[in-house]
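Participant: Structure incoming, see below.
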Amino acid sequence: MISSKHVIAVVGATGAVGREALAILESRQFPASRLRVTASERSVGKTIEYAGQNIAILPSTPDSVRGCDAALFCASSDVARRLAPECVKVGCTVVDNSSAFRADPSVPLVVPEVNGRELASRAGPCLVANPNCSTILLVVALNPIRRCFGIRRIVVSTYQAVSGAGAAAMEELRQQAADVLSGKPVQPKVFAEPCAFNIFSHNSKVDLDSGLNGEEAKIITESRRIWADTSIEISPTCVRVPVLRAHAEAATITLDRPASEAEVREAFADAPGVRLVDDRANNAFPTSLKASGGDDILVGRLRIDPSAPREPDGRSRHHCLLLSGDQLRKGAALNAIQIADALLR
Ligand SMILES: NC(=O)c1ccc[n+]([C@@H]2O[C@H](COP(=O)([O-])OP(=O)(O)OC[C@H]3O[C@@H](n4cnc5c(N)ncnc54)[C@H](OP(=O)(O)O)[C@@H]3O)[C@@H](O)[C@H]2O)c1
C-alpha cells in the first residue's frame, strides 16, 4: 500500500489522468513532500497545485524519478516506451497507463479485482501495464458473472466520454458547447468530428481489413489477456458521446451455463469495485454523472435477453446489462494506484 514513507512520481501530472492521480493521492493525504511531478518540456518550470502547495514540475527523465518507489505514468505511449524501462533501471517501479506495454507478454496487464494475483510474484522494481479504460470497466463489471456462470460471448456498445482523449478534449467539448449555444461555428481540433451535441464512431484508427477501430481491438485483446481466455468471443462497437467523463457500456452476454435474472443479480453481492444501481420502479440506472468522481463501476438494467431462447425452467444463457464507470479513475488513475498499492505492500 502506498504510504507516507514512500516517494511517488506522477509522470504526465498536468494531463487528465495525471491530475486525477494527484486528486486520489491528495484525498488519501499523501504528503506533498513525498511527491514528484513531471510533464513535457512545455510545463517544466511551472508549478502544479497539490494539497494547498505549489509543486515544481520536473522534466520527464530518469533522474526526476531516481529515489522514487513508484512512478505512475500518465503520458503517451511514446513517452512510456522511451522512459519507463529507464526508470525501472534506476530502481523505480512503473505503472503505465499508456498502451505501450499492454501486449508485451513479459509485462503484466492487471486489473486488481480480476487478475491481481499476477502481481504476487513480482519482487523489486518492475513495470506493470494498466489496461485500456473501456476494458477495465467491462472486465470489472462482468467478472462476478464470469466467475459464477462462465462467459462465452460479449456484444458490447460503448458510450465514451471525451476525457478519454485527454485534457484538451475536455476543453474542446466545453468550448464547442458554448460556441454552439451562442450560435458560433465550431472548429474541431482534437477530434475530426464536432464533439458537442454529437455522437460519432471512436476516434482511434480504423483497421482497413477488419473494420475494427483501435479501441475495439484493445477491448478484444486486452479482455482476453486479463481473463487468460483466448476463446472468449467479443464484438465491440465504440462510440464517443458528448459527456465530459465516465464511459457507459451496454453489453449482451452469452454465459456458459444458464442463469436466472435473480442468480445473475446475486452474483454481484460483495463483488469488489461494483455497485448495483438497478431500480426498475423508478427507472433509475447507471449514468455517467452518477459514476463521475466515484471509484465503483455502476451496473444495472439487468435482464434476460428477450431475443434469445430460454431453458424450460426460465433460465437463460443470454443476459443484458448497462454499466458506467469513471474512466479517469477506475479506468486509469485509480487502477494504477491500486496496482502500486499491491506492489508496495
Ligand atoms: N484519459 C483517459 O481516460 C485515459 C484512460 C486510460 C488510459 N489513458 C492513457 O493515459 C495517458 C495519459 O492520458 P491523458 O488523457 O491524461 O492525456 P493528456 O490529458 O493529454 O495528458 C498528457 C500528459 O502527458 C504529458 N506529456 C506530453 N508530451 C510529453 C513528453 N514529450 N514528455 C513528457 N510528458 C509529456 C503532458 O504534459 P504537458 O501538459 O506538459 O503537455 C500531460 O501531462 C495516455 O497514454 C492515455 O492513452 C487515458
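Participant: Of LYS5/LYS89; LYS89/LYS330; LYS46/LYS89; LYS46/LYS205; LYS189/LYS290; LYS189/LYS218, which sit over 32 Å apart, Cα to Cα?
Facilitator: LYS46/LYS205
Participant: Over the chain, what is the relative contact order in percent, taking alpha-carbon pairs closer than 8 angstrom and at least six residues apart?
Facilitator: 19
Participant: Here is a further query. By per-residue mean of other Cβ atoms within 10 Å, what is the highest-first order of 323-329, 191-197, 293-299?
Facilitator: Numbers: 323-329: 28.9, 191-197: 16.1, 293-299: 21.3.
By packing density, highest mean first, the sequence is 323-329, 293-299, 191-197.
Participant: Label ARG345 and SER307 with points 7 Å out from Cα along Cα→Cβ: what is the distance between them in nm?
Facilitator: In this crude label model, ARG345 to SER307 measures out at 4.2 nm.
Participant: At 1.4 Å probe size, with no ligands or nucleic acids counted, give the accessible surface of PHE149 in Å², nearest ten.
Facilitator: 20
Participant: Fully extended, how many nm does the chain gain between GLN187 and GLU261 (0.36 nm per residue separation, minus their Cα-Cα distance)? If you can, show how the numbers build up before the last one.
Facilitator: Values: separation 74, 0.36 × 74 = 26.64 nm, distance 4.67 nm.
Working it through step by step, the gained length comes to 22.0 nm.
Participant: Quick check of the Kirkwood formula: for the chain, what is the inverse mean of 1/r over all pairs of different Cα atoms, in Å?
Facilitator: This gives a value of 20.9 Å.
Participant: If DNA, RNA and ligands are ignored and the probe is 1.4 Å, what is the ranking of LYS89, LYS218 by accessible area, most exposed first?
Facilitator: On the way: LYS89 155, LYS218 65 Å².
The ordering from most to least exposed comes out as LYS89, LYS218.
Participant: Leaving out ligands, DNA and RNA, what percent of the accessible area of region 209-345 is carbon and sulfur, probe 1.4 Å?
Facilitator: Values: 2860 of 5870 Å².
The value for region 209-345 is 49 percent carbon and sulfur by accessible area.
Participant: I need the shape label for region 195-345. Rule: rounded when a/c is under 1.5, else prolate if a/b > b/c, else oblate, with a, b, c from the alpha carbon gyration tensor.
Facilitator: rounded
Participant: Of the DSSP beta bridges with both residues in the chain, give the percent that are antiparallel, rounding to the nearest 5.
Facilitator: Taking every DSSP beta bridge with both residues in the chain, the antiparallel ones total about 50 percent.
Participant: Could you compute how much accessible surface ASP229 exposes when probed at 1.4 Å, giving the result in Å² to the nearest 10?
Facilitator: Accessible area, nearest 10 Å²: 30 Å².
Participant: Return the FRET efficiency for the residue pair SER33, ARG280: r is the Cβ-Cβ distance, R0 is 41 Å, and the value is rounded to the nearest 0.05.
Facilitator: 0.20
Participant: Shifting gears a bit: Suppose all protein chains stay in the model; what accessible area per residue would a 1.4 Å probe give for region 234-343, in Å²?
Facilitator: Normalised by residue count, the accessible surface of region 234-343 is 40 Å².
The values are calculated or read from the model by the stated rules, or taken from the named source; none is laboratory data. A quick note: this is a predicted structure, and the numbers were derived from the prediction, not measured. Cβ sites come from the backbone with ideal geometry, for glycine too, and all protein chains shown count toward neighbours. Quick note on the areas: whole protein, heavy atoms, side chains included, nothing else; ligands and nucleic acids left out. Shrake-Rupley method; radii C 1.70, N 1.55, O 1.52, S 1.80 Å.
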